[in-house]
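Report on the structure given below.
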Amino acid sequence: TQLLEQSPQFLSIQEGENLTVYCNSSSVFSSLQWYRQEPGEGPVLLVTVVTGGEVKKLKRLTFQFGDARKDSSLHITAAQTGDTGLYLCAGADGSARQLTFGSGTQLTVLP
Amino acid sequence: GAVVSQHPSWVICKSGTSVKIECRSLDFQATTMFWYRQFPKQSLMLMATSNEGSKATYEQGVEKDKFLINHASLTLSTLTVTSAHPEDSSFYICSARDRWDNEQFFGPGTRLTVL
């Protein structure tokens, strides 16, 4: 069973601060995705990273895929209250293309 | 863009009854759909993989006789929670994988409360 550990599990910061969320595994994934989920809704895809060492930017969000494709990070610059939500990483295996979800990081950005 | 719907969005039922949840891909065909379960403040846990025209594949620890899955068409999969009990109360989310490009799209979820 492939496991994805996210850290921190909970994060509460002030608006304007920067933060980084980590997603680590002992397994190699063909691709890794980051989602954001709000209460009572399904997860919304933010980004997919495929290549080891890849860095993708989405406005204030920077995503990085580890060289060995076992870990990833999400960095948010100048957090806003609208960034509040549950952030989930999910790794895809090459064959069945099932997603294995990380343990999740609950982010709260305070005004 | 690709849209996945779930119906109902929430349901409250009595213990012992059965509840059916539908997952539809509205503008694409999905040979594979996935059913997840999520408890408050926790991540998504894969319950089963639903394949069009064949039996679903269940994850370890998920009772196939309790969580019946039917994927009769390329746009619809259903999850029936049979003889529901309060411990089955949870947020159930489906996702559908586009048959042509393998991209996966998530539904909005169904909140099940068993009294």
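The values are calculated or read from the model by the stated rules, or taken from the named source; none is laboratory data. Bear in mind that the values here come from a model prediction, so they are computed numbers and not experimental data. Note that we place each Cβ from the backbone using ideal geometry, even for glycine, and neighbour counts take in every protein chain shown.
Restricting the stretch B:28-61 to residues that are in a loop (DSSP other than H, G, I, E, B) and under 17 Å from residue B:112 (Cα atoms) leaves a set whose member that is nearest to the other protein chains (Cβ to nearest Cβ) is B:43. In the stretch B:90-115, of all residues being more than 8 Å from every other protein chain (Cβ to nearest Cβ) and assigned to a loop (DSSP other than H, G, I, E, B), the one that is nearest to residue B:69 (Cα to Cα) corresponds to B:99. Screening residue A:51 against (1) farther than 30 Å from residue B:61 by Cβ; (2) without any contact (Cβ under 8 Å) to a residue 12 or more places away in the chain leaves a single unmet condition, (2). Of the strands (runs of 3 or more DSSP E) that lie entirely inside the stretch A:2-65, those containing 1 or more residues that are within 14 Å of chain B (Cβ to nearest Cβ) and within 16 Å of residue A:85 (Cβ to Cβ) span A:5-7, A:10-14, A:19-24, A:31-37, A:44-49. Note on the stretch B:11-40: among residues that are in contact with a strand residue (DSSP E or B) (Cβ under 6 Å, 6 or more places away or on another chain) and charged (D, E, K, R), the one that is farthest from residue A:37 (Cα to Cα) is B:20. Among the criteria (1) touching an Asp or Glu at 6+ places or on another chain (Cβ under 9 Å); (2) closer than 16 Å to residue A:104 by Cα; (3) among the aromatic types (Phe, Trp, Tyr), the one residue A:29 does not fulfil is (2). Only a single item in (1) within 14 Å of chain A (Cβ to nearest Cβ); (2) small (Gly, Ala, Ser); (3) more than 14 Å from residue B:32 (Cβ to Cβ) is not met by residue B:83, and it is number (1).
Here residue B:19 clears all of (1) surrounded by 14 or more Cβ atoms within 10 Å (Cβ to Cβ); (2) within 11 Å of chain A (Cβ to nearest Cβ) except the condition numbered (2).
Scanning the stretch A:84-101 for residues that are modelled with pLDDT of 95 or more and at the interface with another protein chain (Cβ under 7 Å from one of its Cβ atoms) returns a single hit, A:88. Looking at the stretch B:60-78, is at least one residue closer than 30 Å to residue A:107 by Cβ and surrounded by fewer than 21 Cβ atoms within 10 Å (Cβ to Cβ)? Yes, there is a match, as at least one residue in the stretch B:60-78 is closer than 30 Å to residue A:107 by Cβ and surrounded by fewer than 21 Cβ atoms within 10 Å (Cβ to Cβ).
Going by the conditions given, is residue B:12 hydrophobic (A, V, I, L, M, F, W, C), away from every other protein chain (no Cβ under 14 Å) and more than 12 Å from the chain's Cα centre (by Cα)? Yes: the conditions hold for residue B:12.
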